[in-house]
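Below: one structure, written as structure tokens.
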Amino acid sequence: MPFYVKQGALPEKRHVVFKPRGGHTYEELVSRQGFSDIYSNVYHLYPPTTVTAVGETEALPVIPLADAVHRNRHLKTFALSAGGDWVRGRRVLAYNADVTVATVEPAESTDWFYRNARADELVFVHHGGGVLETMFGDLTVRSGDYVVIPRGVIHRWRFDDGRVKLLITETAGPVETPKHFRNQWGQLLEHAPYCERDLRTPVLNPPVDERGEFTLKVKLGDKLQTVVLGHHPFDLIGWDGFYYPWAFNIEDFMPVVGKVHLPPPVHVTFTGPGFVICSFVPRLFDFHQDAIPIPYAHSNVDSDEILYYVAGNFMSRKGIESESLTLHPMGYPHGPQPGLLEPSLGVKETVELAVMIDTFAPLTVAADAGPADDPDYPLSWATGDDQ
Ligand SMILES: [Fe+2]
């Protein structure tokens, strides 16, 4: 999405004969909004339409948590058991029509290929790393990466040995760089907190020229449909355009600081229909002599707020740990717990690292969140003060 990229061999014109290996190549247009938005043209060794068998349809049910009490929540996602693969092992924590938020700690490796047909995926890699293999090429991935995988991209994860923990947001619309970061030509502006150099794009390998049976699992919301392809799906000899997966590491986000406290919009990293994603990264605190570094209580009257805590000490919260996830829904103000204001005075910097997902429609807490729920959290503001 961010800019034009080309990889591999391409014909001089689109839609013309292209036989760099002697036989025909097969062009495929991958595009958003019909033919009216961003797209890439990709060139296959084999027709991309070849399906040799239609397999099973698995259910991936997402059901609401039985405890529907409307309250602030703290989900100890580290308490959720590892298990399954990186698709079927997802623990959906909260969802609405715009986003579905899950964590996964996969315990099984897979050989099949995957395509999300109805949602883009923003994968935050908390622990682990490896290679995201895609039809557009490979992306080397490490801890702290946001990986944006638009719908329709055939891919599979190859994780390195060691623990893997992912925070996955499936989105009904595209995940984009904020519009106010870009000039009229789409280039990231000088004052944006990251630039094109920070965005990593796939590197195409030589095409895999193999016929056979290759399993593809297609995610359709709460279903997973298996089909068999008659050739290896990574058979691209070249591609160009604006549509491809890409990665950005949270450590490459250059924070904006102010003389007094600046609100979360300075941390915004990605936007999309019905949501924003923000990055809280290590930074200097406010430098007014009487500045209060921790935030004021706030009522975001038309948004639900998810914060996923990655590392460091999050100054405005008590009782949370790395891999904690808090949900502050509309309906209540939230802010620092009592006793945090005074110790924050004069503090020069924070080393907190966290990902925030703000949604503009209410979230439903999902059943998978139940075992992670901290029932004491809603009352964590009840005692103590800063007098
Ligand atoms: Fe907040």
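Identify, among Ala117, Gly137, Ala94, the residue whose Cα sits farthest towards the positive end of the charge dipole of the stretch 79-181, taking +1 on the Cβ of Lys and Arg and -1 on the Cβ of Asp and Glu, with the dipole about the Cα centre.
Ala94
Which part of the stretch 253-267 falls in the paramagnetic zone of Val351, meaning amide N under 18 Å from the point 7 Å along Cα-to-beta-carbon?
255
Taking +1 at the Cβ of each Lys and Arg and -1 at the Cβ of each Asp and Glu, which of Pro178, His191, Pro207 sits farthest along the dipole of the stretch 170-230 towards its positive end, judged by Cα position relative to the Cα centre?
Pro178
At a Förster distance of 56 Å, what's the computed FRET efficiency of Glu56 paired with Asp290, Cβ-Cβ distance as r, to 0.05?
0.30
Show that you can apply the helix-only estimate: for the chain, add -39,500 (n - 2.57) for every DSSP H stretch of four or more residues, divide by all residues, and state [θ] at 222 nm to the nearest 500.
Computed ellipticity for the chain at 222 nm equals 0 deg cm²/dmol.
Counting Lys and Arg as +1 and Asp and Glu as -1, what is the net charge of the other residues whose Cβ lies under 15 Å from the Cβ of Ser109?
Residues near Ser109 contribute -2 overall.
If you rank Lys165, Lys19, Lys318 by fewest surrounding Cβ atoms within 10 Å, what's the result?
Lys19, Lys318, Lys165
List the residues whose amide H sits under 5 Å from the amide H of Glu27, counting only those 5 or more places along or on another chain, with H placed 1.01 Å from N in the peptide plane.
His44
Dipole size in debye (nearest 20) for the chain around its Cα centre, Lys and Arg Cβ +1, Asp and Glu Cβ -1?
With only Lys, Arg, Asp and Glu charged at Cβ, the dipole is about 840 debye.
Specify the inter-centroid distance of the stretch 145-162 and the stretch 177-196, based on alpha-carbon positions, in whole Å.
25 Å
Can you find, among Leu80, Tyr377, Gln289, the residue farthest towards the positive end of the dipole of the chain? Put +1 on the C-beta of Lys and Arg, -1 on that of Asp and Glu.
Of the options given, the answer is Leu80.
List the residues, sorted by chain then number, that are 5 or more residues from Val153 or on another chain and whose placed amide H is less than 5 Å from its amide H.
Amide H to amide H, under 5 Å and 5 or more residues apart or across chains, Val153 pairs with Asn116.
In whole Å, what is the distance between the alpha-carbon centres of the stretch 316-387 and the stretch 41-99?
With the stretch 316-387 and the stretch 41-99 each reduced to a Cα centre, they are spaced 25 Å.
Using 0.36 nm per residue, how much length does the chain from Arg163 to Arg71 gain when fully extended, once their Cα-Cα distance is taken away?
Stretched out fully, the Arg163 to Arg71 stretch lengthens by 29.9 nm.
Given a 10 angstrom Cα cut-off, can you work out which residue in Trp86, Trp157, Trp185 is the most mobile in a GNM of the chain?
Evaluated over the chain, the most mobile residue of the options is Trp185.
Taking other Cβ within 10 Å of each residue's Cβ, how do His15, His127 sort, fewest first?
His15, His127
What is the sum of charges, Lys and Arg at +1 and Asp and Glu at -1, for the other residues whose Cβ falls under 15 Å from the Cβ of Ile237?
Spelling it out: positives minus negatives among the neighbours equals -3.
FYI, it's all coordinate maths here, none of it is from the lab. No experiment lies behind these values; they were computed from the predicted model shown. Neighbour counts run over all protein chains shown; Cβ positions are idealised from the backbone, glycine included.
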